[in-house]
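Reviewing the structure listed below.
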Amino acid sequence: MRYHLLKTFDKIYVINLHGNRNTGETKESDDENVFDIQQGVCINIFARNGKKATDELAEVYYYSLYGKKRKEKYEYLDERTLSDVDFVRLEPEAPYYFFVPKDFSESENYEYGFAINELFVKGGVGMCSKRDGIAYQFRKEKILEVVKDFKELTEQEIKQKYNVKKESRDQKVVYAQNNVKSFGIDDKYIKHATYRPFDKRWTYFTNKSKGFIAFPVYDIMKNLALTDNVALVVNSNIKGEAMNRYFVTDSICDLHILETANACAKIFPLYAYSADIDGTEKLLLNFNKEVLCRIESGLGESIDPQELFDYIYAILYIPTYRSRFSEFLKIDFPRIPYPKDMAAYHLLAQKGALLRHLHLLDGQDGVQGNVVFEGETSESEYMRVTRIDYTDEKVYINSGQYFNHVPQTAWDFFIGGYQPARKWLQERKDNDVTLSFEDIEYYPRIIHALTETERLMQEIDDIYNNTYGTEQGI
């Protein structure tokens, strides 16, 4: 599209008015949208005078009006003609031809690495239920109740009980009924699913598309549902300034695991089922052999698959890597530097393993740091999330009960478009879920994981900077 515009017009003027709340680029305190909308706004003026040669591209001029209130932006535009705007001349480059300033000076260093989608053979998006409130449940006994209802109740009774007022093309009650009646109620279909970071729910999972789950993406999800496995969760297109769309899962997961809008997350399992000539499926390493050979050749030793996975995960959580290559991370799958220094590779992999265990909450039973649940409230509010306020290291869940000693860094930490310390509670507030004693013990584990992630990110950043210098390869 941009290339076609460059070929068609002689001059293109872009006045970026910003105000995009969806991507987090703006804060209400210092930047305001010129309209009452979430999406950012810009003014584009395309001029064509027929003087440009056929093989020439248009001249592109750009101006950014950021950090102003709506009234100030109106005044700026009202007081100026096109010739009064301090435009900057851009030189759009192939293959993207961006109409905004981009710094690709690190291109040579960045391109040295291997892309995530080049290393992993199989990858795909997460599940799309089309009706999350029914398909995902907080308690196992609740999903069993739902599935039983879909097997035994009539279509109309289900719609009435679960308040189904409209149906999508791919998710109809009758489809879900047929799925459950055909497969039956069996524990092997009742699966834990990672719905959001640190937030697992129960669902009914089979290989039937347009069934209980509209799109189970079975070819990818079966690698997590049928065997012990881990998968990298990575965005291929990041909108906004925060390069934090990276996570890990050991279970089937939702399409919107990293963010509700702009969902571009892809799931890359470490091991994946592959069919032999006779149709028999075997669980094989999900790495491209050619890329793996290049990695082993550069490192000078055989690679342990899990260690390479952890090395990649560590790289994705390096603050300097995220900031240094942000322009590239916004537009494609991350490229990971080929490791050359054995000591640095193994050390980063160790840190990556710690991050993986933290984010999967592995081996953290009873680990809650200094976080404690305190306070008293009325019987009607007891252990119910009716408000969410953070003040003085206290996270209030209602008028009197709170989690104490929650560090500011943990509360403010984002993974993708979500603030896990808040999001986990918000989901339970929105769904009127009374916290169990297990939940009270679980939430401090999330805070511990976020706190330790912040600390580990600084450690791996030091390793990265000490090893990399100004180059990409280790």
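Annotations for the structure displayed:
- Peptides ranked, highest mean first, by Cβ atoms within 10 Å: ranges 311-319, 429-437: 311-319, 429-437
- By average C-beta atoms within 10 angstrom, highest first, the peptides 124-134, 340-350: 124-134, 340-350
- Database remark: amide H of E59 closer than 5 angstrom to the amide H of K11, I12 (H placed geometrically; neighbours at sequence offset of 5 or more, or on other chains; Pro and chain starts carry no H).
- Loop-located chymotrypsin sites (Phe, Trp or Tyr not before Pro) in the stretch 346-400 (DSSP state not H, G, I, E or B) with no more than 15 neighbouring Cβ atoms inside 10 Å: Y382.
- Shown here: Rg and Dmax of the Cα atoms in Å, derived from the displayed model; of the candidates [x] 25.2, 77; [y] 21.8, 71; [z] 29.4, 110, it corresponds to [x].
- Amide H partners (placed H, <5 Å) of N398, local residues excluded: T386, R387
- Whole-Hz couplings from phi, Karplus 6.51/-1.76/1.60, listed for the stretch 219-228; x for Gly and Pro: 4, 8, 5, 4, 5, 10, 7, 9, 7, 5
- Charge tally around N404: other residues with Cβ under 11 Å, Lys/Arg +1 each, Asp/Glu -1 each, net -2.
- Amide H to amide H distances under 5 Å link Y246 with G416, where only residues 5 or more positions off or on other chains count and H is placed in the peptide plane.
- Taking θ as phi - 60° and the Karplus parameters 6.51, -1.76 and 1.60, the scalar couplings of the stretch 378-391 work out to 6, 4, 5, 9, 3, 6, 10, 8, 10, 8, 9, 9, 10, 7 Hz in sequence order, x denoting glycine and proline.
- Rounded, prolate or oblate (a/c below 1.5 giving rounded, otherwise prolate when a/b exceeds b/c) for the stretch 251-392 by Cα gyration tensor: prolate
- Accessible surface computed residue by residue for the chain, with neighbouring protein chains in place and a 1.4 Å probe, gives 48 Å² per residue.
- Shape call, the stretch 117-264: gyration tensor on alpha carbons, a/c limit 1.5: prolate
- Over 21 Å (Cα to Cα) - which of K122/K266; K208/K429; K140/K200; K11/K102; K200/K429; K142/K200 fall in this group: K208/K429
- Loop-located GluC sites (Glu not before Pro) in the stretch 327-394, at most 14 other Cβ atoms within 10 Å (DSSP): E376, E379
- Per-peptide average of other Cβ atoms within 10 Å, ordering 1-11, 399-409, 228-238, 443-453 highest first: 443-453, 228-238, 399-409, 1-11
- For the chain, share of DSSP beta bridges that run antiparallel, in % to the nearest 5: 85 percent
- The alpha-carbon of K166 sits under 17 angstrom from the alpha-carbons of these lysines, leaving out residues fewer than 8 places away in its chain: K130, K210.
- Value of Rg/Rh across the stretch 318-474 [Cα atoms, Kirkwood radius]: 1.07
The values are calculated or read from the model by the stated rules, or taken from the named source; none is laboratory data. Just so you know, these numbers come straight off a predicted model, no measurement behind them. We place every Cβ from the backbone using ideal geometry, glycine too, and count neighbours over all the protein chains shown. Just the protein is used for accessible areas: all its heavy atoms, side chains included, with ligands, DNA and RNA removed. Shrake-Rupley method; radii C 1.70, N 1.55, O 1.52, S 1.80 Å.
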